Amino acid sequence: MSTAPKKGFEPLFRTSPFLDYNGPFYQKKSSPQLIVGLRILEKHVNGRGYAHAGILMTLSDIATGYCTAFSEQSPLNIVTTSLSTNFLQSVKLGDWLEAHVSIIKKGKRLVNATCQILKDEDLVVQSNASYRVIKGESTP
């Protein structure tokens with residue numbers, strides 16, 4: 001089983017202890033959006049061999065959060081206020097996933113975005129996220 005990212009992807013531009021532990025996450029810059037990728041590894045699967053819902057929600061939150069935060073010249077400082085997720089198909093060990101984000105509405109205090117996670121061309125996860133913009137602080 002390959003553990004390498006799909007061709008055209010590179011390590012995600014930011015990292016944290018949480019991302020390091022749960023990744024590795026990858027990115028591909030596709031104008032105008034960032035696509036976040038993840039190869040499902042042994043540590044991502046549940047006892048039945050399918051990707052755990054938690055890692056799929058993590059991928060969605062990372063992708064929507066980064067695309068939202070960096071959608072402006074001066075990155076927004078945001079926190080997740082809501083993440084609803086629908087799991088449409090099973091994901092297995094070794095599968096390559098890509099998270100595609102669309103910002104639905106950007107206000108002064110809230111931003112809404114949607115994320116579609118694809119396995120090949122198949123939609124496997126659909127999620128909707130809301131983020132609160134924290135004024136007076138920029139993203140570190």
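Table for the structure above
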{"quantity": "Which numbered condition Thr15 fails, given (1) in contact (Cβ under 8 Å) with a residue 12 or more places away in the chain; (2) over 18 Å from Leu123 (Cβ atoms); (3) in a loop (DSSP other than H, G, I, E, B)", "calculated": "(1)"}
{"quantity": "Some residue of region 18-30 being of a type outside the set (A, V, I, L, M), assigned to a loop (DSSP other than H, G, I, E, B), modelled with pLDDT under 95 and open to solvent by 30 Å² or more (accessible area, probe 1.4 Å)", "calculated": "yes"}
{"quantity": "Cβ-Cβ under 7 Å pairs, at least 6 apart or on other chains, region 78-100 side without any contact (Cβ under 8 Å) to a residue 40 or more places away in the chain, far side open to solvent by less than 50 Å² (accessible area, probe 1.4 Å) and of a type in the set (Val, Ile, Thr)", "calculated": "Phe87/Val125; Leu88/Val124; Leu88/Val125; Gln89/Val124"}
{"quantity": "Test result for Thr15, surrounded by 11 or more Cβ atoms within 10 Å (Cβ to Cβ), at pLDDT below 90, out of contact with any helix residue (DSSP H, G or I) (no Cβ under 8 Å at 6 or more places or on another chain) and not aromatic (Phe, Trp, Tyr)", "calculated": "yes"}
{"quantity": "Residue match in region 39-60 (condition: in contact with a Cys (Cβ under 9 Å, 6 or more places away or on another chain), modelled with pLDDT of 90 or more and open to solvent by less than 20 Å² (accessible area, probe 1.4 Å))", "calculated": "yes"}
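Yes/no per residue for (1) of a type outside the set (A, V, I, L, M, F, W, C); (2) in contact with a Cys (Cβ under 8 Å, 6 or more places away or on another chain); (3) open to solvent by less than 30 Å² (accessible area, probe 1.4 Å):
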| residue | (1), (2), (3) |
| --- | --- |
| Leu88 | no, no, no |
| Leu93 | no, no, no |
| Ile103 | no, yes, no |
| Lys108 | yes, no, no |
| Asp120 | yes, no, no |
| Val124 | no, no, yes |
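One line per residue, one yes/no per condition, for (1) more than 19 Å from Leu83 (Cβ to Cβ); (2) small (Gly, Ala, Ser):
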position: Thr15; (1), (2): yes, no
position: Phe18; (1), (2): no, no
position: Pro24; (1), (2): yes, no
position: Leu41; (1), (2): yes, no
position: His44; (1), (2): no, no
position: Arg48; (1), (2): yes, no
position: Ala51; (1), (2): no, yes
position: Thr58; (1), (2): no, no
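The values are calculated or read from the model by the stated rules, or taken from the named source; none is laboratory data. Given the structure is predicted, the values throughout are model-derived calculations rather than measurements. In this analysis, Cβ positions are derived from the backbone assuming ideal geometry, glycine residues included, and neighbour counts consider all displayed protein chains. Areas reflect the complete protein model, heavy atoms only, side chains present, ligands, DNA and RNA absent. Shrake-Rupley method; radii C 1.70, N 1.55, O 1.52, S 1.80 Å.
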